[in-house]
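Working notes for the structure below.
Any read-out appearing in this document is the output of simple, stated calculations on the displayed coordinates, not a laboratory observation. Computed from a predicted model, the values in this text were never measured in an experiment. Using ideal geometry, Cβ is built from the backbone for each residue, glycine included, and neighbour counts are taken over all protein chains shown.
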Amino acid sequence: GSKAKELPDPFALIKDEVSEVTDRLRSMVVAEIPELTSAAGYFFRVGAEGKRTCPTVLLLMASAISTDMSDPIVGLENKPRARHVRVAEITEMIHISSLIHDDVLDNADTRRGMDSLNFTVGKKLAVLAGDFLLFRAFSAAVALDNTEVVSLLATAVNNLVTGELMQLTITPAQRCSMDYYLQKTYYKTAALISNSCKAVAVLSGQTTEVQALAYQYGRHLGIAYQLIDDILDFTGTSASLGKASFSDINQGIVTAPILFAMEEFPQLREIVEQGFDDPSSNVDVVLKYLQKSQGIERTGLLAAEHAKLAAVAIDDLPPSEDPVVLSSRQALKDLTQKFLRRTK
Ligand code: FPP
Ligand code: MG
Ligand code: MG
């Protein structure tokens, strides 16, 4: 309608802030040793920054629950908006450090369609660069002088490590469990954004109810994102994904599409329980069952459910008349749909 047209474009509103986050990240990772500076800044280089989804979501969330939009950012360390931008930076640093460590653990040669950091500088420097980013993230968090925020971010890192370990220590029975899979997915993919969304609300001095809604938005958005990722691993081409397709199953990682297929074809369970250590045989059999099943469709429906629940969390926020608040809320809802439709 005509009313929607009058709303400011929230992505345009935060575009400069997101660029500012990227610029600041480059300066925040400067270390005593030049090799460490370039390793830690590897994914913050021009052209290597990725989609910058975390900062985008967090800055939109800050605007969506804000009560004062007239607060300029630049150079005002004690202003709420500047503190929200800090959370966006911290979250991006934690995210990148987890990816760097993940690529070491997975022995991955590529990330974001580029050489991985461990491939480029070796495992040792990559591990230390990840450690350094994590330390820088928490130094910045401590400077916000809010223990609850530091604690939320610590929870997020704990969850990332737990999720990674759930995958590493998975038993055959756990590999066949949708509950286990969803818990692991929350920890690995959604816990960082959900806790950071809550941190933004805490810094805004919001009620516990609004804090919980911010958290729920991040949680459902993160889970929806991962479910689509799981689909794309089967349906995407390696060129569009920037990584090999079928990589999950080839690494023996069983995701939602297979778990749904298993409900239709119980005989799959035995094969999945055997694992995929002998690569060729079982992978092909599982893929044949997946093709015959509704696994991909049902995963898409589950992702859509989570996207919907994320949007509901936004709709449940206290009413506002502020056009920037309203358009930021709409943008957060649009993001849930954009995630469902993404192809890379
Ligand atoms: C990607 O998973 C991995 C993660 C999202 C989290 C990894 C977490 C750790 C390594 C724990 C340490 C955490 C910190 C903060 C240093 P994936 O391998 O399934 O997917 P991908 O490689 O295709 O992205
Ligand atoms: Mg990996
Ligand atoms: Mg991994």
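The table below lists the values:
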| read-out | value |
| --- | --- |
| Two-decimal Rg to Rh for the range 219-344 - Kirkwood Rh, Cα set | 1.11 |
| For the chain, built as a Gaussian network whose Cα springs stay under 10 Å, the top-fluctuating residue of SER27, SER204, SER98 | SER27 |
| Positive-pole candidate from LEU301, ILE314, VAL283, dipole of the range 277-344, charges at beta carbon | VAL283 |
| Shape box of the range 74-139 [Cα atoms, principal axes, largest first, Å] | 42, 22, 16 |
| Value of Rg/Rh across the range 71-209 [Cα atoms, Kirkwood radius] | 1.03 |
| Links that overshoot a 30 Å alpha carbon limit, given the list LYS123/LYS198; LYS184/LYS338; LYS123/LYS288; LYS198/LYS338 | LYS123/LYS198; LYS123/LYS288 |
| Karplus (6.51, -1.76, 1.60) ³J(HN,Hα), θ = phi - 60°, over the range 87-98, in Hz, Gly and Pro reported as x | 4, 4, 5, 4, 4, 5, 5, 4, 4, 5, 5, 5 |
| Dipole of the chain, positive end: most advanced residue of GLN251, TYR217, LEU125 [Cβ charges, Cα centre] | TYR217 |
| Taking SER63, SER139 and counting other C-beta atoms within 10 Å, the order from fewest to most | SER139, SER63 |
| Assigned charges on the beta-carbon of Lys, Arg, Asp, Glu; the chain dipole about Cα centre (debye) | 460 |
| Whole-angstrom gap from the range 166-233 to the range 312-344, using each part's C-alpha centre | 18 |
| Radius of gyration, Dmax [the chain; alpha carbons; angstrom] | 20.6, 62 |
